[in-house]
Amino acid sequence: MVDLIGLLYSIVLGAVITSFTNVVGLRVPRKQSIVTPRSHCPSCGHELSAWELIPVFGYLALRGRCRGCGTRIAPTYPLFELLGAIGYGYSYSLYGMSATTLLAFIFLSTLLALAMSDLSTMLVPNVILRVTAPVLLVLAYISGADWWVPLAGAALGFAILATVFFLSKGGLGAGDVKLFTMIGLVLGPRDVLVALFLASLIGAIVGIGLMVTKKIGRKQPIPFVPSIALGTMLTFWFSESFFDWYFHLM
Ligand SMILES: [Zn+2]
């Protein structure tokens, strides 16, 4: 039985941290400060007051529109905050008060910041990876990884994506190569393959869905990082129990 206070705290923390990583994902690729100016409407400059900044609920109270000028606020922000809240809560329910939970929190938040950055600018800023990768590596070891697992995972993630990068001649960004190196660091060699498989599957479904509904043209590039983030977190949470189940069948 998971303790409710810890769970509730994790959910709120997930929403709050994600409203911060949303700002990081919007501003860092544009080389803007993440501290100043305070959050404001890009259309009219209306500065958000404290209650308007409350994750998810602020958006609902405003009915998705700016209080100053009525411009629609992208639903991506509250959606990400909701995903962050669920992800933090779920991680806590799985791993309790442990280094693995902290690893899951920072891993998820890094992926959400990069997904937001990719959605808003099609960029994967190096600086975000540079700041989080060492922390993730240390936490992976503290939560019990064998010494070679993060290294082999990072090497494999890098090798596969770099190969695809050179073969596809621009179909894949250099950012995706660095991102999968970081993912391999956390997931290890087996699961980086699982994550790559899931990310490609999700990316293909999203791409086909967008084309069928005519949301995008055939040649238009689609941000891939949101699919990578989803496939990666599903792997992080479920791969161990999936393989346990699978090998029990055999
Ligand atoms: Zn406005």
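Each reported figure results from applying straightforward, stated rules to the coordinates on display, with no laboratory input. This structure is a prediction, so every number in the text was calculated from the model and none was measured. Counting neighbours? That spans all protein chains shown, and the Cβs are built from the backbone with ideal geometry, glycine included.
Which value at 222 nm does the chain reach when only helices count, each DSSP H run of 4 or more adding -39,500 (n - 2.57), with the total divided by all residues and rounded to the nearest 500 deg cm²/dmol? Computed ellipticity for the chain at 222 nm equals -24000 deg cm²/dmol.
Per-residue packing, averaged as other Cβ atoms within 10 Å, sorts the ranges 122-130, 85-93 into the order 85-93, 122-130, beginning with the highest. Taking a sphere under 11 Å around the Cβ of SER43 and counting the other residues whose Cβ falls inside, with K and R at +1 and D and E at -1, yields a net charge of +2. Checking the a/c ratio against 1.5 first, then a/b against b/c, what shape does the Cα gyration tensor give for region 10-140? Because a/c hits 1.5 or more and a/b fails to exceed b/c, region 10-140 counts as oblate. Counting only other residues whose beta carbon sits under 14 Å from that of ALA199, what net charge do I get with K and R as +1, D and E as -1? Computed value for this residue: -3. Divided by 2.2 N^0.38 Å, where N counts the residues, the Cα radius of gyration of the chain comes to 1.05. Protection proxy ranking, highest mean first, for peptides 70-76, 207-213, 157-163: 157-163, 70-76, 207-213, where packing is the per-residue count of other beta-carbon atoms within 10 Å, averaged.
Counting only the backbone N, which residues of region 88-110 are under 15 Å from the spot 7 Å out from the Cα of VAL12 toward its beta-carbon? Answer for region 88-110: 89. Alpha carbon centre of region 88-124 versus region 178-250: separation in Å? Distance between centres, Cα-based: 15 Å. Would region 130-172 count as rounded, prolate or oblate if I go by the C-alpha gyration tensor, calling it rounded below 1.5 in a/c and otherwise prolate when a/b exceeds b/c, oblate otherwise? In terms of gyration-tensor shape, oblate. Here the extension length gained between ILE5 and GLN32 equals 6.1 nm, from 0.36 nm per residue of separation less the Cα-Cα distance. By the rule of a C-alpha distance below 18 Å, with chain neighbours fewer than 8 residues away ignored, the lysines paired with LYS169 are LYS178, LYS219.
Listing SER33, SER239, SER117 from fewest to most neighbouring C-beta atoms within 10 Å gives SER33, SER239, SER117.
Packing, taken as the mean count of other beta carbons within 10 Å per residue, orders the peptides 191-200, 178-187, 227-236 from highest to lowest as 178-187, 227-236, 191-200.
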